[in-house]
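The values are calculated or read from the model by the stated rules, or taken from the named source; none is laboratory data. These figures come from a predicted structure and were not determined experimentally. Here the Cβ positions follow ideal geometry from the backbone for every residue, glycine too, while neighbour counts run over all protein chains shown. For the accessible areas, the whole protein counts, side chains as well, though only heavy atoms, and no ligand, DNA or RNA atoms are used. Shrake-Rupley method; radii C 1.70, N 1.55, O 1.52, S 1.80 Å.
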Amino acid sequence: MRARLADGGLFCRWLPLHQLDLSTMRSIVRSFVAVYPRARALLASNSLGTPLVGLVALAGAPESADFGVDDEFALVGGFVAGPDALARFAGDAPLNTDDR
């Protein structure tokens, strides 16, 4: 995906939290931040039954202002994790690859 994303292009990976166990989620997050180290996590649904998080990254745009948001609170707290928090959460989980 990274090779096909134009400079300034946005990539979002939806995570259906209600369908993932914790180890799988960590693996997906670790793989995403390995490619997009300045990624953000966005709460995409407030539903307790079907919670969704979007992992969001911009090609060639490392800071939150590049998302068109000067203040992350402007999204009503929708951003739930920044790059450092995502890296801590992912820890040393195995990468989620085509063959794993």
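Ser31 sits among other residues whose Cβ lies under 12 Å from its own Cβ, and their net charge, with Lys and Arg +1 and Asp and Glu -1, is +4.
Please report the spacing between the Cα centers of region 1-15 and region 32-56 in Å, no decimals. What the calculation gives is 14 Å, centre to centre.
Near Val80, the amide H atoms lying under 5 Å from its own belong to Ala41, Leu42, Leu43; only residues 5 or more places off or on other chains count, and H is placed 1.01 Å from N. Note on Leu20 and Asn96: their simple-model spin labels are 0.4 nm apart, each label 7 Å out from Cα toward Cβ. In sequence order, region 35-45 has phi-based couplings of 8, 10, x, 9, 5, 10, 10, 10, 5, 9, 8 Hz under the Karplus curve 6.51 cos²θ - 1.76 cosθ + 1.60, θ = phi - 60°, and Gly or Pro positions carry x. Between Asn96 and Ser31, the built amide H atoms are under 5 Å apart, and every one of these is 5 or more places off in sequence or on another chain. In this label model, Ala34 and Asn46 are separated by 3.6 nm, measuring between points 7 Å along each Cα→Cβ vector.
Ignoring ligands, DNA and RNA, please state the percent of accessible area on region 1-64 from carbon and sulfur, probe 1.4 Å. Provide the component values of the computation, followed by the final result.
Numbers: 2060 of 3680 Å².
Summing carbon and sulfur atoms, their accessible area is 56 percent of the total for region 1-64.
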